[in-house]
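Have a look at the structure below, then the notes.
The values are calculated or read from the model by the stated rules, or taken from the named source; none is laboratory data. Just so you know, these numbers come straight off a predicted model, no measurement behind them. In this analysis, Cβ positions are derived from the backbone assuming ideal geometry, glycine residues included, and neighbour counts consider all displayed protein chains.
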Amino acid sequence: MSQKTTILVDADACPVKEEIYRVAERYKVPVRVVSNSPFRVPVSERVRRVVVDDGFDAADDWIADNAGPRTIVITADILLAERCLKAGASVLAHNGKPFDAASIGAAVATRAIMADLRSGMDGPLGASGGGPPPFSKADRSRFLQALDRVLVRLN
């Protein structure tokens, strides 16, 4: 990536795209919205849609390959967050929680444990549903504050 701060969005299931667009306009920061299929993005010189092929992890690979010290990556994907942190990027979850060197190891380990638990619960007696809690107004507010803090630090 160039020297200019850029926001890379793991767009599939991202609940804060509109907020990202507004903040990017305010800070005059380019945004790349990365997904496997096209969807509408605002008409803006700053916002570009990047559609990758539908190969496994193609969007994640594009984001990780383009992440660097002047990049803010927005994702809920823990393994992608880990890859981007290794590239020097700042990484935020959709709820505003920053991924950082201190927290990513525990997050990766927890993800692996949860995957093992889920795989052991398949079948008629397995646990039902679960998943993250519903996205809230507080999450949206926390995300906006966190994105603002990172942009102030990088600019």
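When each of V29, V73, V23, V43 is tested for being assigned to a strand (DSSP E or B) and of a type outside the set (D, E), the lone residue that passes is V73. If you go through the stretch 32-69 and pick out every residue that is hydrophobic (A, V, I, L, M, F, W, C), without any contact (Cβ under 8 Å) to a residue 40 or more places away in the chain and either more than 18 Å from L147 (Cβ to Cβ) or in contact with a Leu (Cβ under 8 Å, 6 or more places away or on another chain) (or both), you end up with 10. When the stretch 46-70 is filtered for residues that are in a loop (DSSP other than H, G, I, E, B) and out of contact with any Asp or Glu (no Cβ under 7 Å at 6 or more places or on another chain), the ones remaining, listed by number, are V52, D53, D54, G55, F56, D57, A67, G68, P69, R70. Do the conditions hold for I20, that is, is it on the phi < 0 side of the Ramachandran plot and at pLDDT 95 or above? Spelling it out, I20 is indeed on the phi < 0 side of the Ramachandran plot and at pLDDT 95 or above. Please work out if E82 is in a loop (DSSP other than H, G, I, E, B) and more than 22 Å from F135 (Cβ to Cβ). Answer is no for this residue. Scanning the stretch 13-35 for residues that are surrounded by fewer than 16 Cβ atoms within 10 Å (Cβ to Cβ) and farther than 16 Å from R70 by Cβ yields A13, P15, E18, R22, E25, R26.
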